[in-house]
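The values are calculated or read from the model by the stated rules, or taken from the named source; none is laboratory data. All values derive from a computational prediction rather than experimental measurement. All Cβ positions, glycine included, derive from the backbone under ideal geometry; neighbour counts span all protein chains shown. Each accessible area value is taken on the protein alone, full model and side chains, heavy atoms only, with ligands, DNA and RNA left out. Shrake-Rupley method; radii C 1.70, N 1.55, O 1.52, S 1.80 Å.
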Amino acid sequence: MNIDLLIEELFKKDTTASYKCLLELEEISDRENTVYTYFDTFLEMLDNEKSFIRVRGFRLICKNAKWDKDNKINQNINKILTELDDEKPTAVRQCLASLKYLIENKQELKNNIKEKLLGINYLKYNDSMQGLIFKDAEENLFLLK
């Protein structure tokens, strides 16, 4: 499937098909920089009212950090990290899982990321999710050392 169609699929409600497309785009991003050309689309996804679309955008931004020679991530880091404040704890956990790619490839943003991780308000989530989000954030903080 071509990349335009994969990107288009990210906005659809069918979560099974969209998730497969997300995984395929992430896999392509591991190998080559062709998906990076859609960076502005991923950034716009962060403004979507649907959290699953925001998460997909965040994940693809992180996966493409190694291709970010234009420093678009650096220029938009505060907007990108805002997704870690999502109301939905599952969205935050998915973003925290992808954050490692940003940390690996954007060392110059360590302080921004660290500050954001330390500022996460765990208490706004239900008890069963607080510890999980805290653990996810701690794992990322460990990578920042």
Fill in the blank from the handout: With ALA17 itself left out, Lys, Arg at +1 and Asp, Glu at -1 over residues whose Cβ is under 12 Å from its Cβ give -1
Practice task
Return one whole number: the accessible area per residue of the chain in Å², for a 1.4 Å probe.
Solution key: 54
Exercise for the section: Under 12 Å from the Cβ of ARG54, count the other residues' Cβ atoms, weight Lys and Arg +1, Asp and Glu -1, and hand me the total. Expected result: -2
Problem - Helix axis angle, 127-143 relative to the chain longest principal axis, alpha carbon, degrees - result: 80
Exercise for the section: Take peptides 52-59, 20-27 and line them up by average Cβ neighbours within 10 Å, highest first, as a rough protection proxy. Expected result: 52-59, 20-27
Completion exercise
With 0.36 nm assigned to each residue of separation and the Cα-Cα distance removed, GLU49 to LYS66 gains 3.4 nm
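Of the accessible area of segment 23-145, with the probe set at 1.4 angstrom, what percent is carbon plus sulfur? Intermediate results must be reported in sequence, preceding the final value.
Working: 3040 of 6380 Å².
After summing per-atom areas, the C and S share lands at 48 percent.
Pulled fully out, how much extra length does the chain show between THR34 and LYS100, if you take 0.36 nm times their separation in residues and subtract their Cα-Cα distance? Display every interim value, and only then the final one.
On the way: separation 66, 0.36 × 66 = 23.76 nm, distance 2.07 nm.
21.7 nm is the gain from fully extending THR34 to LYS100.
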Exercise for the section: Report the relative contact order of the chain, percent, no decimals, based on alpha-carbon pairs under 8 angstrom and at least 6 residues apart. Expected result: 18
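Per DSSP H run of n ≥ 4, the term is -39500 (n - 2.57); total these for the chain, divide by its residue number, and report the mean residue ellipticity at 222 nm rounded to 500 deg cm²/dmol. Present the calculation step by step, with values, prior to reporting the outcome.
Values: 9 runs with 96 residues, N = 145.
After summing the helix terms and dividing by the residues of the chain, the value is -20000 deg cm²/dmol.
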Practice task
Of the options ASN105, ILE3, ASN33, report the single residue whose Cα projects farthest towards the positive end of the charge dipole of segment 1-125 (beta-carbon charges: Lys, Arg +1; Asp, Glu -1).
Solution key: ASN105
Handout entry: Set of aspartates and glutamates with alpha-carbon distance to LYS135 below 18 Å, sequence-local pairs under 8 removed
Key = GLU83, ASP85, ASP86, GLU87, GLU115, ASP127
Handout entry: Projected label distance in nm at THR41 and LYS79, using a 7 Å step from Cα toward the beta-carbon
Key = 1.7
Practice task
Any chance you could check the Cα centroid distance between segment 1-56 and segment 74-138 for me, in angstrom?
Solution key: 20
Exercise for the section: Can you pull the one-decimal nm distance between simple spin-label points at THR15 and GLU108, each 7 Å off the Cα toward Cβ? Expected result: 3.8
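Give LYS12/LYS100; LYS12/LYS145; LYS69/LYS124; LYS13/LYS145 a once-over and call out the pairs whose C-alpha atoms are over 32 Å from each other. Kindly include the intermediate steps, with their values, before the conclusion.
Working: LYS12/LYS100 27 Å; LYS12/LYS145 38 Å; LYS69/LYS124 36 Å; LYS13/LYS145 39 Å.
From LYS12/LYS100; LYS12/LYS145; LYS69/LYS124; LYS13/LYS145, over 32 Å: LYS12/LYS145; LYS69/LYS124; LYS13/LYS145.
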